[in-house]
């Protein structure tokens, strides 16, 4: 499985005082701010925390099988990597 980690110079804010799952990201010093919410925030959080199988973990959170969410999860992870908001861990 692919594991991920935070790239250098990524600013992260995870508010605790809101009902929805939100993550604010920005590549420092001058990247555009990005807001992830709900399932996209969960996907980023799981990946950033080093989850070995992000699709399976997301499936558990949303009550679906891994196969039902895998394509969409992988698309978002690929997009986050391209945008510099996650990197692949090369251990």
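None of the figures in this text is laboratory data; all of them are computed from the coordinates on show. Given the structure is predicted, the values throughout are model-derived calculations rather than measurements. FYI the Cβ positions are ideal-geometry reconstructions off the backbone, even for glycines, and counts take in every protein chain you see.
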List the relative contact order of the chain as a percent without decimals, with contacts defined as Cα pairs under 8 Å and 6+ residues apart.
33
So for the pair residue 71, residue 10, with labels modelled 7 Å out along Cα→Cβ, what separation do we get in nm?
2.6
In nm, the gap between the two label points placed 7 Å beyond Cα toward Cβ at residue 81 and residue 37 is 2.8
Order 83-89, 26-32, 51-57 from most to least packed using the mean count of other Cβ atoms within 10 Å.
51-57, 83-89, 26-32
In degrees between 0 and 90, to the nearest 10, how far off the longest principal axis of the chain does helix 66-82 point, with axes built from Cα atoms?
20
Within the stretch 41-76: backbone nitrogen closer than 14 Å to the residue 88 label point (7 Å, Cα to C-beta)
74-75
Quick one: helix 39-48 against the long Cα principal axis of the chain, what's the angle to the nearest 10°, folded into 0 to 90?
80
